[in-house]
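Notes for the one structure printed next.
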Amino acid sequence: MSRETPRPISLTGPELYPIVPLFFQACYFYASSQRKTEKMIAYEKELNPEQCRVVMEEGGPLLVIAGAGSGKTRTLTYRVARLVEGGIPPERILLATFTNKAARSMLSRVAALIGREVGGLWGGTFHHCAHLTLRVHADRLGYARNFSIMDSEDARQLLNTCIAECGVAVKSEKFPRGEVVGEIVSLAVNTEAPLPDVIENRFPFFSHRTEEIAAVAERYRDRKKTLNVMDFDDLLYNWRELLLHFEDVRELYAGRFLHVLVDEYQDTNRLQAEIMDLVASRHRNLMVVGDDSQSIYSFRGANFENIMRFPKRYPDCRIFKLETNYRSTPEILHLANLCITNNENQFQKTLRAVRGQGVRPVLAPARNVLQQADFVAQRILELHRSGIPLGQIAVLYRAHYHSMEVQMEMTRRRIPFEIRSGIRFFEQAHIKDVTCYLRIIVNPRDEMAWRRLLRLYPKIGRVTAEKVWHFVADRSDPQAAVLADEFTKSATRPAIQSLTRVQDTFRLLQAFAESGPVEMIDAVLRSGYRDLLRERYSDASSREEDLIQLANFSSRFASLADFLSELALLTNITENDSQEETAQDRVVLSSIHQAKGLEWTAVLMIWCSEGMMPLARALKEPGGEEEERRLFYVATTRAKDQLYLCYPLTDYARGMGHLPVSPSRFIMELSPYSARAKDRPYEQWLIDDEYA
């Protein structure tokens, strides 16, 4: 009688499921036996009472509202240490973060606290945890387990291929490139919103191409599965699909993780929140930590309602508040507490300072934007002379273009700085593109400007641009040559339409040559460059604002030549100083979004003006004003010792000259005459008017 060969047990299949509880039970007893050799943590001595209550809580759904500078990371770290010290195997803990750096930092601190490594604990970004799950179960979704992960460049190239395969690339010039289509698809996935709604709300100038964009998106999904690849959004989406539609997979992970902890919960999108709910669905030991007052990433798909509705999703949850601030002086915290009070949709909290009395925040109105830049640069030098390192000083702003004049003034004064919100203003691609048109008007034999400009147009590649340039260069009057009939015939037939557009643009520019660079920059935008921005960049509106600001700045010069000469000089200074600055202590110039989570000894906020902070276009979004107020709050809480709120009293508006500017509504709300403050004596307010 023959004997059947025993079938090996799969380490990932259903045969493993009955073994899992026994395995973790063995881990539990092993961990318990090891506790005697580990050092015990004196939680009451090492934590404040607010933190200690969170760390020592047994379990269940927990919502921790962690105010700015309140020791959120410390609380999470000690919470994980306490769980492990209490006998929970690390393999049964999931710690989801937004950066690998944050996860590594917390896990290394846990290891230092308990005296041993915490191997097996799932600690990392949501995408990292998704990757671990999909490597085991991707076949359930039609992928092979050896799938590849595309980076952003791979995704862009595949999307461009899909656009070509769908036959839409040559139908019209006003169709978004792969990078922009990718942004549209990503927002739809992360917000769980229909693709047409995303286009209508965020990219309305492509509404007439909705069907074609949807076809490209569908083709992109099919191609990824055929190629056995996933992009970053697929990792989250497919993780959610596994947990939602495969009960055995959900039960495996819901049973495995006894405790689930989520950092920066206010920044989660709908997908991430739903995934965490599913993973914690059996034991319901879900602790989420965040600050609703620092929820500022809706443009990336973050859902503010995740943290606000947590008590509704978990009616039995316990809410803890960390309100003891270790970062800022009482004066700065008083201002921060006041500035957020007008938000109706929030968890009420009041930050309390541990530190002693400090310097009162300063309100610094300036006559115009140039004097604002002058004040900022001068104050930085004074702070540095007083002993504050340049690296401990930050200039914060709502939008990247707000920093233009400050960049210029700091460059002139040779103050080293680094930009966290992007590259230097005048080095940005769209700034260089538009100034190329102006350079050619001043010097029609500017070869580099011609080559860059021509490559902006469809059907003009390197070879065609070379032919057109030689046609212009060989003529005695290049400007006249551009407008001649022979110009459109100087290259191949497919390029004729684009060369005709070049001619139309230069006719406009020459008509405005006497009017100055303001009208000329506007002419470039109207002649098709605005459409090009929308086709190429997902942040087209911000780039257009940059160009409007560039036009306003150019109005201060007597001639177009003077304006371009100044740009060239500033760029030359920047290039000469770039290597020297790498070894120097440098002031940080940053958008408020990029500054979140960071701190500096002194913070100077610029453009605290209505229309700039809050940003006018952001106010048109649902919930826009409250998110802008949260941005203001985030900026104020970055300062440890000194805070300056700066704004110009006038600003240049094209065609209208210098107009008065109102201070931000968020500053006006701090006024002793505001509705919330009318019963408080003026002496309690922390704003000084030191610079007029």
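Quick notes on this structure:
- Extreme residue, nearest to Leu508 (Cα to Cα), among residues of the stretch 523-539 that are under 22 Å from the mean Cα position of the chain (by Cα) and in contact (Cβ under 8 Å) with a residue 12 or more places away in the chain: Leu533
- Any hit, the stretch 447-468, residues being in a helix (DSSP H, G or I), over 27 Å from Glu427 (Cβ atoms) and open to solvent by less than 50 Å² (accessible area, probe 1.4 Å): no
- One residue from Ile388, Ile419, Ile380, Ile423 being open to solvent by less than 10 Å² (accessible area, probe 1.4 Å) and of a type outside the set (D, E, K, R): Ile380
- Asp197 surrounded by 14 or more Cβ atoms within 10 Å (Cβ to Cβ), at negative phi and not aliphatic (A, V, I, L, M): no
- Qualifying residue in the stretch 396-410 (condition: modelled with pLDDT of 95 or more and within 22 Å of Ser70 (Cβ to Cβ)): yes
- Residue pairs meeting the criteria (Cβ under 8 Å; at least 6 apart or on separate chains; first under 21 Å from Ile213 (Cα atoms) and at pLDDT 90 or above, in the stretch 140-161; second small (Gly, Ala, Ser) and not in a helix (DSSP H, G or I)): none
- Among the candidates Gly87, Gly67, Gly71, residue that is of a type in the set (Gly, Ala, Ser), under 29 Å from the mean Cα position of the chain (by Cα) and on the phi > 0 side of the Ramachandran plot: Gly71
- Among the residues of the stretch 633-677, those identified as at pLDDT below 50 and open to solvent by 50 Å² or more (accessible area, probe 1.4 Å) are Tyr673, Ala675, Arg676.
- Failed item in (1) at pLDDT 90 or above; (2) surrounded by fewer than 16 Cβ atoms within 10 Å (Cβ to Cβ), with Pro494 passing the rest: (1)
- Just so you know, in the stretch 204-222 the residues that are buried (at least 20 other Cβ atoms within 10 Å of the Cβ) and in contact (Cβ under 8 Å) with a residue 60 or more places away in the chain include one that is nearest to Lys174 (Cα to Cα), and it is Phe206.
- Some residue of the stretch 180-193 being touching a helix residue (DSSP H, G or I) at 6+ places or on another chain (Cβ under 6 Å) and open to solvent by 70 Å² or more (accessible area, probe 1.4 Å): no
- Of all residues in the stretch 102-133, those satisfying the criterion of being free of Cβ contacts under 8 Å to residues at least 60 places away in the same chain and among the polar types (S, T, N, Q) are Ser105, Ser108, Thr125.
- Test: residue in the stretch 153-170 that is more than 27 Å from the chain's Cα centre (by Cα), open to solvent by 70 Å² or more (accessible area, probe 1.4 Å) and of a type outside the set (Ser, Thr, Tyr): yes
- Residues satisfying the stated conditions in the stretch 405-446, i.e. closer than 19 Å to Gln479 by Cα and in a helix (DSSP H, G or I): Asp433, Val434, Thr435, Cys436, Tyr437, Leu438, Arg439, Ile440, Ile441, Val442
- Of all residues making up the stretch 610-624, the number that are part of a helix (DSSP H, G or I) and without any contact (Cβ under 8 Å) to a residue 12 or more places away in the chain: 5
- Cβ-Cβ contacts under 9 Å between residues 6 or more apart (or on different chains), taken from a first residue in the stretch 48-61 that is touching a residue at least 12 places away in the same chain (Cβ under 8 Å) and under 14 Å from His259 (Cα atoms) to a second residue that is part of a helix (DSSP H, G or I) and open to solvent by 20 Å² or more (accessible area, probe 1.4 Å), are listed as Val55/Arg82; Met56/Glu44; Met56/Arg82; Pro61/Pro311; Pro61/Arg313.
- Any hit, the stretch 678-688, residues being open to solvent by 10 Å² or more (accessible area, probe 1.4 Å), at pLDDT below 95 and closer than 17 Å to Ala373 by Cα: no
The values are calculated or read from the model by the stated rules, or taken from the named source; none is laboratory data. Small disclaimer: the values here were computed from a predicted structure and weren't measured. For neighbour counting, all protein chains shown are included, and Cβ atoms are generated from backbone atoms with ideal geometry for every residue, glycine included. Protein only, heavy atoms only, side chains kept; ligands, DNA and RNA dropped before computing areas. Shrake-Rupley method; radii C 1.70, N 1.55, O 1.52, S 1.80 Å.
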